[in-house]
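Q: Questions regarding the structure given below will be posed in turn.
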Amino acid sequence: MSKAESIPTIQGAKAARRPALQKLSLAPSPGAQGTTIVRLAPGDRLTVVVDVENVALPYMVIFDDRPLMYGLVDRRESSGPLSPGTYRLFWAFNHIEKGWSHRLSVEIPGGPAELLEARSEAHKDGPYTIGMALVVVG
């Protein structure tokens, strides 16, 4: 698998036999952004953490077709115990205020928090974003 075909993979301690970080791009071009894969063991919970600064429009985080978070303030939410399978994690942010920023990370049982996205006006990032990660349990 080439570097352009790799996907970042984040895994829990129970899934330690897999590579800690893989990346698979959905586009064949070098340097293209890929989709992150979070690997968990059956029964683990996925914890999502959002830190925001100067937000006027609500952000949304959706896990497996259900809203996990919808708000204007810092939040930390966990899923229930997960069964084997593949789940989708989506998020969307839209900023209109000056000085905005957001960070979205996941916490895996037995592992460190992993940053999925960090954007800010100070870094001249675009004011809106829609992101996705896959959560693979098993």
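Q: Rounded to the nearest 0.05, what FRET efficiency do residue 57 and residue 113 have when you use their Cβ-Cβ distance and R0 = 22 Å?
A: Details: r = 25 Å, r/R0 = 1.14.
After rounding to 0.05, the efficiency reads 0.30.
Q: Right, next: Can you give the FRET efficiency for residue 77 and residue 120, using 1/(1 + (r/R0)^6), R0 = 22 Å, r = Cβ-Cβ distance, to the nearest 0.05? Could the numbers behind the result be given before it?
A: On the way: r = 22 Å, r/R0 = 1.01.
Efficiency for this residue pair is about 0.50.
Q: Return the distance in nm (one decimal) between the two label points of a simple spin-label model at residue 98 and residue 86, each offset 7 Å from Cα along Cα→Cβ.
A: The two pseudo-label positions are separated by 4.6 nm.
Q: Which log10 I(q)/I(0) values does the range 51-122 give at q = 0.12, 0.17, 0.23 Å⁻¹ under the Debye formula, counting every alpha carbon as one identical point scatterer?
A: Summing over Cα pairs of the range 51-122 leads to -0.36, -0.68, -1.12.
Q: Between residue 35 and residue 64, what length comes free when the chain is fully extended (0.36 nm per residue of separation minus the Cα-Cα distance, one decimal in nm)?
A: Numbers: separation 29, 0.36 × 29 = 10.44 nm, distance 1.58 nm.
So the chain would gain 8.9 nm between residue 35 and residue 64.
Just so you know, all these numbers are worked out from the coordinates, no wet-lab data involved. As the structure is a computational prediction, the values presented were derived from the model and not from experiment. No Cβ is skipped: glycine too gets one built from the backbone with ideal geometry, and neighbour counts run over all protein chains shown.
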